[in-house]
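For reference, the structure is listed below as structure tokens.
The values are calculated or read from the model by the stated rules, or taken from the named source; none is laboratory data. From a predicted model like this one, the values you see are computed outputs, not experimental measurements. Positions of Cβ are backbone-derived with ideal geometry, glycine not excepted, and every protein chain shown enters the neighbour counts. Heads up: the accessible areas ignore ligands, DNA and RNA and are worked out on the full protein's heavy atoms, side chains in. Shrake-Rupley method; radii C 1.70, N 1.55, O 1.52, S 1.80 Å.
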Amino acid sequence: GAGVSQSPSNKVTEKGKDVELRCDPISGHTALYWYRQRLGQGLEFLIYFQGNSAPDKSGLPSDRFSAERTGESVSTLTIQRTQQEDSAVYLCASSLYAGADTQYFGPGTRLTVL
Amino acid sequence: KQEVTQIPAALSVPEGENLVLNCSFTDSAIYNLQWFRQDPGKGLTSLLLIQSSQREQTSGRLNASLDKSSGRSTLYIAASQPGDSATYLCAVSNTGNQFYFGTGTSLTVIP
């Protein structure tokens, strides 16, 4: 693909429901990142995958948040029992490898929890 | 934890003017620093990446400088155009993996 894609572009859900967000990185990119951007705030790092290494989960705000990635392909971010404070734009980025290369961002998924 | 601050939060300039956006960070032991632009409803686009060993990077009308010892970076935009209107974000990494973002500067270039 030409760039990082994310789906859905918008998601409205009710408080307490689970949601799953998807990210398709650029083919061949070994590193994948998830960020959250709340209204009027900067991006918050959530989780980082590098190849088949154990992910860096240090940014996940609670145990309701989890993410998976199979090899160097698609990643899914799951939020269980959503709360209103989870409302934000969730951005995914990928890079050829960690550190030395720039990150390419997807358009994001706007999550609204009612 | 690295903290990144961007000043000003918003800036409005007439077309053709040169301008400077500022970014400061609290931990000078950085791996690299990136400047991004974010357009409404879209993802981020990387503008310039400066490694910790570099002092500046240039791309077209953009020039980014890095002063690690003082914890500062500036993004200089020459001869601004209406198409430059966007939010500009500064991001700092200490390890190359996890990036810390500022809250951005919202730039409006008036035709």
Each residue of B:87-95 has, on average, a number of other protein chain C-beta atoms within 10 Å of its C-beta equal to 2
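Relative to the Cα centre, what is the charge dipole magnitude of segment B:1-96, using +1 at the beta carbon of each Lys and Arg, -1 at the beta carbon of each Asp and Glu, and rounding to the nearest 20 debye? Could the numbers behind the result be given before it?
Numbers: 7 positive and 8 negative charges, 43 e Å.
Computed charge dipole of segment B:1-96: roughly 200 debye.
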Principal axes of chain A: Cα extent on each, largest first, Å:
38, 27, 24
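Quick one: in segment B:1-110, what % of C-alpha pairs are over 22 Å apart? The partial results should precede the final answer.
Values: 1492 of 5995 pairs.
The share of Cα pairs beyond 22 Å in segment B:1-110 comes to 25 percent.
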Projected label distance in nm at B:SER70 and A:GLU44, using a 7 Å step from Cα toward the beta-carbon
3.3 nm
Return, in residue-number order, each cysteine of the protein assembly as shown whose C-beta is not under 4.7 Å from any other cysteine's C-beta.
none
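So, counting K/R as plus one and D/E as minus one, what does the shell of residues with Cβ under 15 Å around A:LYS15 add up to? Please list the in-between numbers first.
On the way: positive: A:LYS11, A:LYS17, A:ARG64, A:ARG81; negative: A:GLU14, A:ASP18, A:GLU85, A:ASP86.
Residues near A:LYS15 contribute 0 overall.
Provide A:TYR48, A:TYR97 ordered by accessible surface of protein heavy atoms (probe 1.4 Å), highest first. Don't skip to the end; give the middle numbers.
Details: A:TYR48 20, A:TYR97 110 Å².
Ranked from most to least accessible, the order is A:TYR97, A:TYR48.
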Whole-number value, in Å³ per residue, for the convex hull of the alpha carbons of the protein assembly as shown is 120 Å³
Give me the 1.4 Å probe accessible area per residue for segment A:20-114, excluding ligands and nucleic acids, in Å².
42 Å²
Expressed per residue, the solvent accessible area of chain B in Å² (1.4 Å probe) is about 46 Å²
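Using the Cβ atoms and a cut-off under 15 Å, what net charge is assigned to the surroundings of B:SER106, where Lys and Arg are +1 and Asp and Glu are -1? Don't skip to the answer; put the middle values down first.
Values: positive: B:ARG37, B:LYS42; negative: B:ASP39, B:ASP84.
That works out to 0.
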Charge dipole of the protein assembly as shown built from unit charges on the beta carbon (Lys, Arg +1; Asp, Glu -1), centred at mean Cα; most positive-end Cα among A:LEU46, B:GLN51, B:ALA29 is A:LEU46
Roughly how many percent of the accessible protein surface of chain A is carbon and sulfur, given a 1.4 Å probe and a whole-percent answer?
46 percent
Share of antiparallel DSSP beta bridges in chain A, in percent to the nearest 5?
90 percent
